[in-house]
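Please read the structure below before turning to the comments.
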Amino acid sequence: MSAATVIERPTARIIVLDPADRILLFRAMIGHSVEPERLPDATSFLALPGGGIEPGEAAEAAARRELAEETGIRVPAPLTMVAHRTTGYDWKGRRYLTREHIFFCRSPTDALDASGWLENDRRWMSDLGWWTIEALLATDEIVRPAGLAPLAATLSRGEFPSVPVDLGRPR
């Protein structure tokens, strides 16, 4: 594919820790492995809540909106941007370049509500739930973005990076 066919997609994601310091993740079921060299039979990966930034929308506002839509959790501003990631991927015959803005918040609750998922979301998202940091650090499953577990562990201790951490490069 030529560079002209690449679709840029700015996104906002959010690392959410509940009162017990568990991290909120969902399973992205994409039908193939994003790490074929390590796990060739994997058809999904664990991911943070979030999604596309609408035209004219600030990244932080998008993170709050997506979190509310996907989980029912509403968080006030401001959010701290703790990481970013740029990655390329193919989806339905098209090439995408995603620039992710990754924010952090603590949720006052562990109650979840996935009723805001759109029908399209339900086709590829499942298993919305809380993971302990220890379980995330120990899992052999594919986790995106790479480097999420150590960053979540650092954030759970109340330590924040002085500048947002780079969690990925184009593939």
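The values are calculated or read from the model by the stated rules, or taken from the named source; none is laboratory data. Being a predicted model, the structure only gives us computed values, none of them experimental. Cβ: placed from backbone, ideal geometry, glycine included. Neighbour counts: every protein chain shown. Quick note on the areas: whole protein, heavy atoms, side chains included, nothing else; ligands and nucleic acids left out. Shrake-Rupley method; radii C 1.70, N 1.55, O 1.52, S 1.80 Å.
In segment 59-79, what count of residues is obtained for those that are touching a strand residue (DSSP E or B) at 6+ places or on another chain (Cβ under 9 Å) and open to solvent by less than 70 Å² (accessible area, probe 1.4 Å)?
So the answer is 14.
Could you grab me the full set of residues in segment 84-100 that are open to solvent by less than 50 Å² (accessible area, probe 1.4 Å) and not charged (D, E, K, R)?
Thr86, Thr87, Gly88, Tyr96, Leu97, Thr98
Mind listing just one residue for me: the one in segment 153-164 that is small (Gly, Ala, Ser) and not in a loop (DSSP other than H, G, I, E, B) and, of those, farthest from Thr43 (Cα to Cα)?
Looking at residues that are small (Gly, Ala, Ser) and not in a loop (DSSP other than H, G, I, E, B), I get Ser156.
Identify, from the list Asp41, Asp110, the residue that is surrounded by 11 or more Cβ atoms within 10 Å (Cβ to Cβ) and either more than 13 Å from the chain's Cα centre (by Cα) or among the hydroxyl-bearing types (Ser, Thr, Tyr) (or both). Give the derivation first.
Details: Asp41 fails: surrounded by 11 or more Cβ atoms within 10 Å (Cβ to Cβ).
The conditions single out Asp110.
May I ask you to list the residues in segment 23-33 that are open to solvent by less than 50 Å² (accessible area, probe 1.4 Å) and not polar (S, T, N, Q)?
Ile23, Leu24, Leu25, Phe26, Arg27, Ala28, Ile30
Identify, by number, the condition in (1) open to solvent by 30 Å² or more (accessible area, probe 1.4 Å); (2) of a type in the set (A, V, I, L, M, F, W, C); (3) over 13 Å from the mean Cα position of the chain (by Cα) that Leu155 doesn't meet.
With respect to (1) open to solvent by 30 Å² or more (accessible area, probe 1.4 Å); (2) of a type in the set (A, V, I, L, M, F, W, C); (3) over 13 Å from the mean Cα position of the chain (by Cα), Leu155 is out only on (1).
Is it the case, given these coordinates, that Ala58 is farther than 19 Å from Met29 by Cα, touching a Gly at 6+ places or on another chain (Cβ under 7 Å) and not acidic (Asp, Glu)?
No: the conditions fail for Ala58.
Scan segment 132-152 residue by residue and report those that are polar (S, T, N, Q) and either open to solvent by 50 Å² or more (accessible area, probe 1.4 Å) or not in a loop (DSSP other than H, G, I, E, B) (or both). If you could, list the steps in order and put the result at the bottom.
Initial filter on segment 132-152 (polar (S, T, N, Q)): 132, 139.
Within segment 132-152, Thr132 is the sole residue that qualifies.
Before we move on, is Ala59 over 15 Å from the mean Cα position of the chain (by Cα) and modelled with pLDDT of 90 or more? Break it down into steps so the answer makes sense when it comes.
On the way: over 15 Å from the mean Cα position of the chain (by Cα): no; modelled with pLDDT of 90 or more: yes.
When the stated conditions are applied, Ala59 does not pass them.
For Ile30, are the conditions met, namely being within 25 Å of Ser115 (Cβ to Cβ) and at pLDDT below 90? Before you say what the answer is, go through the steps one by one.
On the way: within 25 Å of Ser115 (Cβ to Cβ): yes; at pLDDT below 90: yes.
Yes, satisfied.
For the condition closer than 22 Å to Asp113 by Cβ and not polar (S, T, N, Q), what is the one hit in Ala42, Ala58, Ala68?
Ala68
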